[in-house]
1. Which order do His171, His105 fall in if you start with the one that has the fewest other Cβ atoms within 10 Å?
2. From the phi of every residue in the stretch 24-37, what ³J(HN,Hα) in whole Hz does the Karplus formula 6.51 cos²θ - 1.76 cosθ + 1.60 yield, where θ is phi - 60° and glycine or proline is x?
3. Taking every pair of Cα atoms in the stretch 1-58, average 1/r, invert it to obtain the Kirkwood radius, and report Rg/Rh to two decimals.
4. Of Val26, Val35, Val92, which has the largest mean-square fluctuation in a 10 Å C-alpha GNM of the chain?
5. Students often forget the sequence filter, so: which lysines lie under 26 Å Cα-Cα from Lys56 once same-chain residues fewer than 8 apart are removed?
6. Taking 45 Å as R0, compute the FRET efficiency from the Cβ-Cβ separation of Asp6 and Glu131 and round it to 0.05.
7. In Å³ and rounded to a whole number, note down the convex hull volume per residue for the Cα atoms of the chain.
8. For the chain, what does the relative contact order come out to in percent, with C-alpha contacts under 8 Å and a separation of six or more?
Amino acid sequence: MAITRDKKNTLVTELAELFAGAKGSVGAAYTGLSVANMQELRASAREAGVVIKVVKNRLVRVALSQSEKFKAADTSLLTGQLVYAFSSEDEVAPAQVLAGFAKKHPELQLIAGFDGTGASLDTATVKALAELPTKDQLRGQLVSVIAAPLTQFLGVANAAQRGFAQVLSQHAEQI
């Protein structure tokens, strides 16, 4: 059944808002995935704060052309059946969610993306983004790097006290 013009206009407006508010968005070919697989993808995306949309590429192009930020974006890679992932919180989350799902379901292929500045990203760039650590992982790495010298210092300080205590206890046993 065909979508009415009003419904298309509503979808275009919604897509334009998603693109405008997104720090990152990614499109992936999903040919061959079942409805159950798509529901699984939507659930995992929801947990990561990513919005998943399946819309016609023509509507995406219209939505992109309505935004000043995305007017110059290259949309030539947007062909075939694509699922779009958007995140307003994390630049790499859409790519990571789709790439993580693609590891279990090779039918899903990363195609293209857009960053928050309106630049289009090719397939290689999207795949590279997917391999980056998340913000939480980076924060954890930073904390461990900052805490490492303190941890080592405390280990040395405790070793000196432990050694002194052992010497005293051995001396006390001899007496």
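1. On the way: His171 9, His105 15.
Neighbour counts put them in this order, fewest first: His171, His105.
2. Each residue of the stretch 24-37 in turn: x, 9, 9, x, 9, 6, 10, 4, x, 7, 7, 4, 4, 5 Hz.
3. For the stretch 1-58, the value is 0.98.
4. Of Val26, Val35, Val92, the most mobile in the Gaussian network model is Val35.
5. Within the straight-line cut-off, Lys56 pairs with Lys7, Lys8, Lys23, Lys69, Lys71, Lys103, Lys104, Lys127.
6. Numbers: r = 42 Å, r/R0 = 0.92.
Given R0 = 45 Å and the Cβ-Cβ separation, E is 0.60.
7. Details: hull volume 28.1 nm³, N = 175.
Dividing the Cα hull volume of the chain by its residues yields 161 Å³.
8. Details: 228 pairs, mean separation 47.3, N = 175.
Worked out over the chain, it gives 27 percent.
All of the numbers you see were taken from the coordinates with simple rules; none came from a lab. As the structure is a computational prediction, the values presented were derived from the model and not from experiment. Because the Cβ atoms are built from the backbone with ideal geometry, glycine has one as well, and the counts that use them run over all protein chains shown.
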